Amino acid sequence: IPPINLPENSRGPFPQELVRIRSDRDKNLSLRYSVTGPGADQPPTGIFIINPISGQLSVTKPLDREQIARFHLRAHAVDINGNQVENPIDIVINVIDMNDNRPEFLHQV
């Protein structure tokens, strides 16, 4: 999956859909999808969620680039018994700056 560019301070509505994760094996098996990493199951938790059935990845609130500029998540697909059916895939989410802060000049001109 190519990097996802998401502007900071989005007004929603939330949850906002980003991308759908799908395994080719879902034609023959009933799969469950999950996402791990900072922003999902690690602090700050709950920013990104995934529908375990459809694989739809969503963001739950506005992001702030000055706090975190990039998220690196891993998406997983398992069968009903919890067995891994695909290798985890990397999902990179870049938070795009929207110039919401005044510039600060370090030197006087």
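The values are calculated or read from the model by the stated rules, or taken from the named source; none is laboratory data. Bear in mind the structure is a predicted one, so any value in this text is a computation, not a measurement. Cβ: placed from backbone, ideal geometry, glycine included. Neighbour counts: every protein chain shown. Remember, those area values only see protein heavy atoms, side chains included, never the ligands or the DNA or RNA. Shrake-Rupley method; radii C 1.70, N 1.55, O 1.52, S 1.80 Å.
Quick test for you: out of PRO7, PRO3, pick the one residue that is in contact (Cβ under 8 Å) with a residue 24 or more places away in the chain and either under 14 Å from ILE91 (Cα atoms) or open to solvent by 80 Å² or more (accessible area, probe 1.4 Å) (or both).
Only one candidate qualifies: PRO3.
What pairs can you find where one residue is in region 74-92 and closer than 20 Å to SER58 by Cβ and of a type in the set (Val, Ile, Thr), the other is in a strand (DSSP E or B) and open to solvent by less than 80 Å² (accessible area, probe 1.4 Å), and their Cβ atoms are less than 6 Å apart, with a gap of 6+ or different chains?
ILE89/ALA75; ILE91/LEU73; ILE91/ALA75
From the residues in region 11-33 that are over 16 Å from the mean Cα position of the chain (by Cα) and of a type in the set (Lys, Arg), which one is modelled with the highest pLDDT?
Only one residue fits best here, namely ARG32.
I want to confirm something. Restricting to region 67-79 and keeping residues that are open to solvent by less than 70 Å² (accessible area, probe 1.4 Å) and part of a strand (DSSP E or B), which single residue is nearest to PRO44 (Cα to Cα)?
So the residue we want is PHE71.
Give the residues of region 10-35 that are assigned to a loop (DSSP other than H, G, I, E, B), in contact with a strand residue (DSSP E or B) (Cβ under 6 Å, 6 or more places away or on another chain) and open to solvent by 20 Å² or more (accessible area, probe 1.4 Å), sorted by residue number.
Passing the criteria: PRO15, LEU29.
Can you find, within region 53-66, the residue that is farthest from GLY12 (Cα to Cα) among those that are open to solvent by 60 Å² or more (accessible area, probe 1.4 Å) and of a type outside the set (A, V, I, L, M)?
Of everything passing the filter in region 53-66, GLU66 is farthest from GLY12 (Cα to Cα).
Might you check whether a residue that is in a strand (DSSP E or B), in contact (Cβ under 8 Å) with a residue 24 or more places away in the chain and loosely packed, with under 14 Cβ neighbours inside 10 Å occurs anywhere in region 36-47?
no
Return a yes/no flag: does region 80-94 have any residue that is within 23 Å of PRO13 (Cβ to Cβ), open to solvent by 40 Å² or more (accessible area, probe 1.4 Å), assigned to a strand (DSSP E or B) and not polar (S, T, N, Q).
no
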